1. If you check ALA196 against the conditions, is it in a helix (DSSP H, G or I) and in contact with a strand residue (DSSP E or B) (Cβ under 8 Å, 6 or more places away or on another chain)?
2. Are there any pairs with C-beta distances below 6 angstrom linking a residue in the range 108-119 that is assigned by TED's automatic domain parsing to the domain that holds PHE45 and of a type in the set (Lys, Arg) to a residue that is part of a helix (DSSP H, G or I) and surrounded by 15 or more Cβ atoms within 10 Å (Cβ to Cβ), with the two at least 6 apart or on different chains, and if so which?
3. May I ask you to list pairs of residues, at least six apart or on different chains, whose Cβ atoms are under 9 Å apart, with the first in the range 165-194 being closer than 19 Å to ASP70 by Cα and of a type in the set (Lys, Arg) and the second being part of a helix (DSSP H, G or I) and at pLDDT 75 or above?
4. Among the residues of the range 75-95 satisfying the criterion of being among the hydrophobic types (A, V, I, L, M, F, W, C) and at pLDDT below 80, which is farthest from ALA53 (Cα to Cα)?
5. Only residues that are at pLDDT below 80 and either assigned to a strand (DSSP E or B) or in the same structural domain as GLN185 (by TED's automatic domain parsing) (or both): list them for the range 28-52, please.
6. Give the range 162-214 a look and list any residue that's modelled with pLDDT under 85 and in contact with a helix residue (DSSP H, G or I) (Cβ under 7 Å, 6 or more places away or on another chain), or say none.
7. Which one of ASP70, ASP13 is at pLDDT below 85, assigned to a loop (DSSP other than H, G, I, E, B) and not assigned by TED's automatic domain parsing to the domain that holds LEU164?
Amino acid sequence: MTIIPPDPFTCLDEVDLFADLSPEEMHAMDLMAPARMVRRGELLFSQAQPVTALFILKSGRVRVFRVAEDGKALTMGILEPGAVFGEMVLVGQRMYDNYAEAIEDSAVCQLDVEEVERFLLSDPRIAIRISRMLGEQVALLEERLTDLALRPLTARVASTLLTLSAGAPPGRFGQTAPVRLTHEQIAGLLGATREATSRILSDLASRGIIRQGRGRITIQNTTALRTMARATQ
């Protein structure tokens, strides 16, 4: 990975976790975790190459996925800038069953175990935020696993589009944020085939609920999509 020259916006500036730090504390921590460029398709960690560290995503996007016994990749989440993730047993976050792959060129900062223990967990302001953040991640994972097991594919597509749009950077002029994923990537999130996912997306587009572009989906009727997301049959 290539080190990125410093800029006015450090990795720590991007993360609510560090909102209470003073400029001096922020500068000291930023020196420990310079941003590095991870190229599209590059793995940050895997089962074969585990990394015990905490990562902060500064720019770009990262896919966290698992590989099933049949070799099929199941995407567990698409991480946007500001996400904190990694194999960090000290804070209760375990990723050893997962892979993390940059799905576009991304800037990533990395803190090792000693740095996390010394500078993060010892600060009650940050420790409380870490606990809350991990609790939210567990809740989202449980919801996702429930979706995969119980809900019809159309509802899962609708729910996933709403979640991804809500977590993406805002669109221009306050418009709904577009989902910047291909049909294949969305299918990976759903544990479905690309063909079945594409059929549902095409149907949503024909009904004016979404608008599709190349690797980009924009929600046009949020109310209709929410109704579909709540369907159980």
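1. Taking the combined requirement at face value, the residue does not satisfy it.
2. none
3. As it stands, the answer is ARG194/HIS183; ARG194/GLU184; ARG194/ILE186; ARG194/ALA187; ARG194/GLY188, since those pairs meet every condition given.
4. My answer is MET76.
5. THR52
6. Passing the criteria: THR176, ALA177, LEU189, LEU190, GLY191, ALA192.
7. ASP70
Yes/no matrix, rows are residues, columns are (1) under 14 Å from LEU162 (Cα atoms); (2) among the aromatic types (Phe, Trp, Tyr); (3) surrounded by fewer than 16 Cβ atoms within 10 Å (Cβ to Cβ):
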residue: LEU189; (1), (2), (3): yes, no, no
residue: THR193; (1), (2), (3): no, no, yes
residue: LEU204; (1), (2), (3): yes, no, no
residue: ILE209; (1), (2), (3): yes, no, no
residue: THR218; (1), (2), (3): yes, no, no
residue: THR223; (1), (2), (3): yes, no, yes
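The values are calculated or read from the model by the stated rules, or taken from the named source; none is laboratory data. None of these values were measured; they are calculated from a predicted model. Ideal geometry is used to build each Cβ from the backbone, glycine not excepted, and the neighbour counts take in all protein chains shown.
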